[in-house]
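S.K.: Would you mind keeping the following structure in view while I ask a few things?
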Amino acid sequence: MAKIPQATARRLPIYYRYLNFLKDAGKERVSSTELAEAVKIDSATIRRDFSYFGALGKRGYGYHVDSLLAFFKKTLSQDKLTNVALIGVGNLGHALLNFNFHQSNNVRISAAFDINDDITGTIQNGVPVYPMADMQEQLTVQQIEVAILTVPASVAQSVADQMIAAGVKGILNFTPMRIAAPETVRIQNVDLTNELQTLIYFLDHFGPKKDEE
Ligand code: ATP
């Protein structure tokens with residue numbers, strides 16, 4: 001995985017989803033052209049992406065669906081269950097707990113944390129909500145290295161520091177704050193307000209998308 005470029009890595013889930021669809025439909029092989037059409041990524045990019053995985057399509061044959069799927073499954077860690085924590089059970093945190101990635105069998109929020117006594121000690125949609133003081137212990141016991149951050153922006157950095165000190169290696173950051181973290185920690189930012197404003201900006205300035213990116 002180390003040598004796969006980020007842009008390629010980001011396309012992996014798209015390929016994975018479509019290949020699963022092909023498998024369910026009973027297809028054994030697929031050409032880069034067919035894939036290109038289905039996932040709207042040009043076929044040269046697909047061939048280049050796949051070459052990083054060591055998957056070499058044969059001319060006139062295409063790619064073997066099963067072997068590609070096996071590779072993606074492993075690379076995307078879809079073959080093991082990953083427990084994830086959520087910190088901050090407010091409106092957004094609650095929504096994510098209720099959602100709990102139910103369309104995936106392989107990731108789920110298994111522990112939530114908050115400072116509010118009204119909610120700690122309760123179980124929300126099957127997920128126990130612990131006080132912050134229990135974070136270290138729970139993360140260790142449940143072997144959790146990934147956490148979703150849905151606390152107020154004002155405390156985002158200090159809560160992130162606590163998470164990192166407790167061994168978190170990946171943070172899905174829903175706060176608008178940019179988190180400072182050591183290089184050993186990966187942060188993925190999801191700023192919903194920003195995304196929505198960007199969408200509106202593009203619509204206002206360029207109108208609806210035609211074919212090109
Ligand atoms: P949202 O921003 O998700 O809509 P909200 O408006 O309901 O949430 P916020 O004030 O943003 O509430 O807080 C989100 C949650 O984070 C609350 O449940 C709050 O108790 C919790 N929280 C606040 N400070 C901390 C902290 N230092 N550590 C952990 N949780 C915290």
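The values are calculated or read from the model by the stated rules, or taken from the named source; none is laboratory data. None of the values given here were measured: they were computed from a predicted structure. Neighbour counts are summed over all protein chains in view; Cβ atoms, including those assigned to glycine, are modelled from backbone coordinates with ideal geometry. What goes into the accessible areas is simple: the full protein's heavy atoms, side chains included, and nothing from ligands, DNA or RNA. Shrake-Rupley method; radii C 1.70, N 1.55, O 1.52, S 1.80 Å.
S.K.: How much accessible area per residue does the chain have, counting only protein heavy atoms and a probe of 1.4 Å, in square angstrom? Kindly include the intermediate steps, with their values, before the conclusion.
M.R.: Working: 13390 Å² over 213 residues.
Spelled out: the 1.4 Å probe surface of the chain, per residue, equals 63 Å².
S.K.: Could you tell me the relative contact order of region 80-166? Use alpha-carbon pairs under 8 Å, at least six residues apart, and round to a whole percent.
M.R.: Relative contact order, region 80-166: 34 percent.
S.K.: Count the net charge of all other residues whose Cβ sits under 15 Å from the Cβ of Ile144, scoring Lys and Arg as +1 and Asp and Glu as -1.
M.R.: Net charge in that neighbourhood comes out at +1.
S.K.: Whenever you get a sec, compute what percent of the accessible area on the chain sits on carbon and sulfur atoms (1.4 Å probe).
M.R.: 53
S.K.: Which aspartates and glutamates have a Cα lying under 17 Å from the Cα of Lys73, excluding residues fewer than 8 positions away in the same chain?
M.R.: Asp24, Glu28, Asp49
S.K.: Order of 189-199, 65-75 by packing, highest average Cβ count within 10 Å first?
M.R.: Per-residue Cβ counts within 10 Å, averaged per peptide and sorted highest first, yield 65-75, 189-199.
S.K.: Work the Kirkwood hydrodynamic radius out for the chain: mean of 1/r over every pair of different alpha-carbon atoms, inverted, in Å.
M.R.: About 19.6 Å, per the Kirkwood formula over Cα pairs.
S.K.: How high is the relative contact order of the chain, given as a whole-number percent (alpha carbon pairs under 8 Å, six or more residues apart)?
M.R.: 13
S.K.: Just order 83-94, 172-183 by mean Cβ neighbour count inside 10 Å, highest at the front, would you?
M.R.: Ranked by mean Cβ neighbours within 10 Å, highest first: 83-94, 172-183.
S.K.: Of Lys23/Lys209; Lys40/Lys209; Lys80/Lys169; Lys27/Lys209, which sit over 20 Å apart, Cα to Cα?
M.R.: The answer is Lys23/Lys209; Lys27/Lys209.
S.K.: Shifting gears a bit: What fraction of the DSSP beta bridges in the chain is antiparallel, stated in percent and rounded to the nearest 5? Provide the component values of the computation, followed by the final result.
M.R.: Numbers: 5 of 26 bridges.
Counting DSSP beta bridges with both partners in the chain, the antiparallel share is about 20 percent.
S.K.: At 222 nm, what value in deg cm²/dmol follows for the chain if DSSP H runs of at least 4 each add -39500 (n - 2.57) and the sum is divided by all its residues, to the nearest 500? Before the final figure, lay out the partial values.
M.R.: Working: 8 runs with 92 residues, N = 213.
Calculated mean residue ellipticity at 222 nm is -13000 deg cm²/dmol.
S.K.: Let me check against my output: what whole-number percent is the relative contact order of region 6-74, with C-alpha pairs under 8 Å and at least 6 apart?
M.R.: 39
S.K.: Restricting to region 82-193, what percent of DSSP beta bridges are antiparallel, rounded to 5?
M.R.: Percent antiparallel among DSSP bridges in region 82-193 is about 10.
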